[in-house]
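One structure below.
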Amino acid sequence: MQVPAPFEYQRVGTVDEAVTLLDRLGDTARLVAGGHSLIPMMKLRLANFEYLIDINELHDELGYIRVEPGMIRIGAMTRHRELLESDELAAAFPIFRDAERVIADPVVRNRGTLGGSLCQADPSEDLSAVCTTLDASCVIRGMDGERVVSMEDFHQGPYETAVGDAEILTEVRFPVRPRGSSAYE
């Protein structure tokens with residue numbers, strides 16, 4: 001039986017609460033939403049954290065797809081299922097629906113999030129390639145406010161991102177351009 005090392009668990013209700021807790025706990029803490037990548041790594045003890053901070057309650061704050069003139073903004077807690085089902089997103093970027101159709105299984109699609117996929121920084125992860133191809137930028141919030149990072153700067157190596165210990169990815173922004181294309185065109 002694979003069992004993770006002991007950890008403490010805390011649920012937060014706002015982004016500010018999550019950032020404050022991350023600031024206090026430092027690199028001993030990790031955020032979890034869907035947990036489909038993190039939990040298996042913890043079971044194998046490839047990742048060990050003293051604290052897990054559950055951010056599922058942030059879906060109301062960070063689970064959205066907002067289509068604006070010239071830009072689409074997607075909250076980090078937007079679930080794969082929501083990305084797959086968004087006709088507005090598919091109209092602008094068919095590649096999103098193409099990718100989401102082949103991501104994992106229904107459990108992952110219903111619980112996994114865009115932010116979790118990007119922050120896990122798995123080199124084989126599909127949405128990282130989609131976001132990079134679409135020239136996305138990532139909004140990261142910390143104690144000192146927000147900063148915006150390009151996808152090229154967001155991924156800093158396998159399993160490493162620009163998100164610091166006391167920061168959280170809150171949004172991914174996509175410039176809308178003509179002929180957004182599909183993975184198959």
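The values are calculated or read from the model by the stated rules, or taken from the named source; none is laboratory data. What you are looking at is a predicted structure, and each value in this text was computed from that prediction instead of being measured. Reconstructed Cβ throughout: ideal geometry from the backbone, glycine too, with neighbour counts over all protein chains shown. For the accessible areas, the whole protein counts, side chains as well, though only heavy atoms, and no ligand, DNA or RNA atoms are used. Shrake-Rupley method; radii C 1.70, N 1.55, O 1.52, S 1.80 Å.
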Inset, instruction - Report, to the nearest 10°, how far helix 15-25 tilts away from the longest principal axis of the Cα atoms in the chain, using its own Cα long axis and a range of 0 to 90°. - result: 40
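Accessible area of region 1-95 with a 1.4 Å probe: how many percent of it is carbon plus sulfur?
On the way: 2480 of 5010 Å².
For region 1-95, the apolar C and S fraction of the accessible surface comes to 49 percent.
Starting from the residue with the highest accessible area, list 14, 78, 28 in decreasing order, probe 1.4 Å. Could the numbers behind the result be given before it?
Details: 14 60, 78 0, 28 35 Å².
The residues order as 14, 28, 78, largest area first.
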Legend entry - Ranked order, 159, 64 - accessible area, probe 1.4 Å, largest first: 159, 64
Inset, instruction - Could you state how much accessible area residue 8 has, in square angstrom rounded to the nearest 10, with a 1.4 Å probe and all protein chains kept in place? - result: 120
Inset, instruction - Just tell me the longest site-free run in the chain, where the sites are trypsin sites (Lys or Arg not before Pro) in a DSSP loop having at most 12 other beta-carbon atoms within 10 Å. - result: 102-178
Inset, instruction - Please work out the C-alpha center-to-center distance from region 1-53 to region 105-131 and express it in whole Å. - result: 17
Inset, instruction - Can you tell me how much longer the chain between residue 9 and residue 144 gets when fully stretched, taken as 0.36 nm per residue apart minus their C-alpha distance, in nm with one decimal? - result: 46.1 nm
Legend entry - Over the chain: helical MRE at 222 nm, DSSP H runs n ≥ 4 each giving -39500 (n - 2.57), nearest 500: -8500 deg cm²/dmol
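For region 1-62, state the semi-axes of the equivalent ellipsoid (square roots of 5 times the eigenvalues of the alpha-carbon gyration tensor), sorted largest first and rounded to whole angstrom. Before the final figure, lay out the partial values.
Numbers: eigenvalues 92, 36, 12 Å².
Square roots of five times the eigenvalues give 21, 14, 8 Å.
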Inset, instruction - Provide, in order from the shortest bin, the percent of all Cα-Cα pairs of the chain in each 5 Å bin, continuing until the bin that contains the maximum pair distance. - result: 1, 8, 17, 22, 21, 16, 9, 4, 2, 0, 0
Inset, instruction - Only Cα pairs under 8 Å and at least 6 apart count here; give the relative contact order of region 1-156 as a rounded whole percent. - result: 20
Legend entry - ³J(HN,Hα) computed for each position of region 107-118 - Karplus, 6.51 cos²θ - 1.76 cosθ + 1.60, integer Hz, glycine/proline x: 5, 5, 5, 7, 10, x, 10, 4, x, x, 4, 5
Inset, instruction - Return the carbon/sulfur percentage of the accessible area of region 101-153, one whole number, probe 1.4 Å, all protein chains in place. - result: 48
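Show me the chymotrypsin sites (Phe, Trp or Tyr not before Pro) within region 1-54 that DSSP assigns to loop and that have at most 16 other Cβ atoms within 10 Å of their Cβ.
On the way: sites: 7, 9, 49, 51; in loops: 7, 49.
Qualifying residues, ordered by number: 7.
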Legend entry - Proximal charge balance of residue 10 [Cβ under 12 Å; K/R count +1, D/E count -1]: -2
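Ignoring ligands, DNA and RNA, what accessible area per residue does the chain give at 1.4 Å, in Å²? Mind dumping the intermediate values first?
On the way: 9610 Å² over 185 residues.
Here the per-residue accessible area is 52 Å².
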